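Please treat every number below as a calculation from the coordinates, not as lab data. Computed from a prediction, not measured in an experiment: that's the story for all the values here. Virtual Cβ from ideal backbone geometry, glycine too; neighbours counted across all protein chains shown.
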Amino acid sequence: MKLSQASLSQIYSEHLWLELTDRDLELARPNPKNYSNDTGRNYAFFNRLCLNAFLHWCQENLDLEPAVFPNQEVLPMLWEFFTGCGINLYGKRLVLIPSDAIDMADFAVPQEWVDIPNLAADYYLPVQIDLENRSVHFWGFVSRRTLKAKADFDSIYRLYYVEGDWVIPNLEMLEGASNLREEKGQVAPLVTLSNGEVENLMVKLREPSPYSPRLKAKFEKWGALLNENRWLQQLYEGRTGCPSHKLDAAVVFNLSIWLDGIVEAGWQTFDQWFNAKIPAFRAKQVRGIELDSPEKIKRSVKQFRNSQSEVVVPTDIEDREALVHLLQHTRDETVRWKAAEYLWAIAPDSTASAIRNVRDLGIQLMGHSIALMIAVLRKLDGRISVLLRAYTMGGQAKLPADLRLIVLDENGVPIPRLEAVARSEPLDDYIALYFTADVGDRFSVRLALEDTSITEQFVV
């Protein structure tokens with residue numbers, strides 16, 4: 001016997017129940033041309049219903065406007081392959097898993113949301129969609145740590161089955177749980193794909209099919225492919241024939257959420273990336289100045305403090321506090337970012353230092369592998385200070401000569417004086433730019449070499 005919605009809502013009184021209107025259904029229906037089969041269209045429909053309902057509830061009841069994860073542009077492409085929609089809330093990643101299944105004994109989480117580093121979440125929320133009764137039913141939430149420890153993994157269909165008993169039913173407890181401890185746990189790295197492997201996978205996975213191609217390749221390679229937005233975009237376009245811009249799929253990275261400790265898909269923290277890839281960066285030094293002893297640190301910081309005259313630094317504070325004081329009070333961006341460099345070197349865990357993340361742009365510029373680093377720092381006046389750097393990767397010691405780092409405004413027009421060019425003599429380890437922006441400002445960063453270029457879009 002099927003229980004009515006009223007009976008279910010009484011039994012599960014701690015759960016969140018939301019109503020769906022005709023307008024909600026209309027807004028959630030995808031353009032059929034955007035997906036290659038009915039499975040993808042159904043994923044898109046159910047996930048959009050779920051996502052819109054939850055975002056509206058957050059705005060109305062929590063006075064919050066969570067950011068979509070990975071973002072509004074990438075998420076619809078993922079629905080071509082599997083279900084689930086993510087948001088950033090309370091400084092954590094949440095993935096909503098919608099289903100029209102009646103049975104609440106357990107729910108299934110696609111492995112992609114659990115074991116792909118750039119998609120893995122802190123918490124998972126099972127959601128029951130009842131179109132007949134026009135309702136969305138949120139069971140509660142479960143942490144990734146609990147899921148990995150308690151779920152049954154189906155290796156054939158690559159699904160984690162979580163029993164309903166492990167779900168915390170009251171969503172009001174989510175904020176408190178997010179503050180207690182780190183609940184994501186370790187996410188194992190995936191393999192590195194060669195260009196040849198990517199091409200072979202693309203050929204295999206782009207073949208038309210009435211279902212997702214997610215099981216046609218080993219997870220290690222499938223996950224590595226989806227871990228990079230540019231490869232996801234190529235695969236999506238190859239299967240659907242729909243240009244990504246039809247889904248507004250130009251990825252726009254949100255720098256403000258970085259200050260809340262959120263690392264967006266496609267990015268890694270500086271320490272995660274460079275300490276693993278380039279051991280030389282482990283050395284404690286700033287622009288060639290060694291900082292490997294307390295005496296050298298004290299001498300170098302004192303010289304740096306005395307070299308600027310704009311900010312009066314109290315003499316009775318320690319070196320770290322002096323650097324933080326300079327970071328927050330100087331109007332000279334050169335001084336600000338040099339102070340940040342000293343802090344990164346001598347106190348990498350300092351919460352007062354700038355947040356810096358790195359994106360590997362791949363071997364796309366005339367055979368050169370380039371990484372883009374961006375650091376952000378909130379100033380006392382509420383504005384955001386931004387530092388851009390381009391590094392060489394792939395075992396190359398120096399940047400290619402004439403590599404250009406350019407900042408463009410929201411209309412794609414280069415901003416005067418915001419361009420750096422790698423020298424030919426001597427060759428540069430990196431090139432850099434810095435500027436200050438207001439929250440909400442949009443800009444693009446272009447890396448160009450001869451006739452090739454890569455452009456990434458950002459909002460502050």
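A few remarks follow.
- Euclidean distance of C-alpha centroids, the range 17-44 and the range 117-151, integer Å: 19
- The fewest-to-most ranking of T21, T436 by surrounding Cβ atoms within 10 Å reads T21, T436.
- Kirkwood radius, the range 5-180, all distinct C-alpha pairs, inverse of mean reciprocal distance: 16.4 Å.
- Taking other C-beta atoms within 10 angstrom as a stand-in for reagent exposure, C242, C50, C85 fall in the order C242, C50, C85, fewest first.
- On Cα atoms only, tilt of 294-307 relative to the major axis of the chain in degrees: 80
- Nearest-20 debye value, the chain charge dipole, Cβ charges on Lys, Arg, Asp, Glu: 1120
- Cα-centre dipole for the range 45-170 with unit charges at Cβ (Lys and Arg positive, Asp and Glu negative), debye to 20: 360
- The calculated FRET efficiency for E450 paired with N31, based on their beta-carbon distance and R0 = 56 Å, is about 0.90.
- Between the alpha-carbon centres of the range 385-460 and the range 154-195 there is a gap of 36 Å.
- Options (i) 78, 71, 43; (ii) 110, 49, 42; (iii) 80, 51, 40 - which one matches Cα extents along the principal axes in Å as calculated here: (iii)
- Along the range 21-34 the Karplus relation, 6.51 cos²θ - 1.76 cosθ + 1.60 evaluated at θ = phi - 60°, assigns HN-Hα couplings of 9, 4, 5, 4, 5, 5, 5, 8, 6, x, 5, x, 6, 7 Hz to successive residues, with x for each Gly and Pro.
- Extension gain, Y211 back to D63 (0.36 nm per residue minus Cα-Cα distance, nm): 49.4 nm
- Seen against the Cα atoms of the chain and their longest principal axis, helix 195-205 is set at about 20 degrees.
- Burial ordering of I102, I374, fewest other beta-carbon atoms within 10 Å first: I102, I374
- Summed residue charge, Cβ within 10 Å of R383's Cβ, Lys/Arg positive, Asp/Glu negative: -1
- Distance between modelled label sites at T334 and F153, nm, 7 Å Cα→Cβ extension: 5.3
- Backbone HN-Hα couplings from phi across the range 414-428 [Karplus 6.51/-1.76/1.60, Hz, Gly and Pro as x]: x, 8, x, 6, 9, 8, 10, 10, 5, 7, 9, 8, x, 5, 8
- For R299 and R230, the FRET efficiency from 1/(1 + (r/R0)^6), where r spans their Cβ atoms and R0 equals 35 Å, is about 0.15.
- For the chain, leaving out every one of the GluC sites (Glu not before Pro) that falls in a DSSP loop and has at most 13 other Cβ atoms within 10 Å, the longest unbroken run is 183-309.
- Environment charge at P400 (Cβ cut-off 10 Å; Lys +1, Arg +1, Asp -1, Glu -1): -2
- In a fully extended conformation the segment linking T315 and Y161 would gain 49.5 nm over its present Cα-Cα distance, using 0.36 nm per residue.
- The tail of the calculated P(r) for the range 356-447 beyond 22 Å holds 30 percent of all Cα-Cα pairs.
- Electrostatic bookkeeping for C58 treats Lys and Arg as +1 and Asp and Glu as -1; over the other residues with beta carbon under 15 Å from its beta carbon, the sum is -3.
- Compactness of the range 18-109 as Cα Rg over 2.2 N^0.38 Å, two decimals: 1.08
- For the range 86-214, fraction of C-alpha pairs farther apart than 25 Å, in %: 34
- For the chain, the longest principal axis of the C-alpha atoms and the axis of helix 229-240 are separated by about 40°.
- Residue (of F153, I168, T330) at the positive-pole extreme of the chain, dipole from beta-carbon charges: T330
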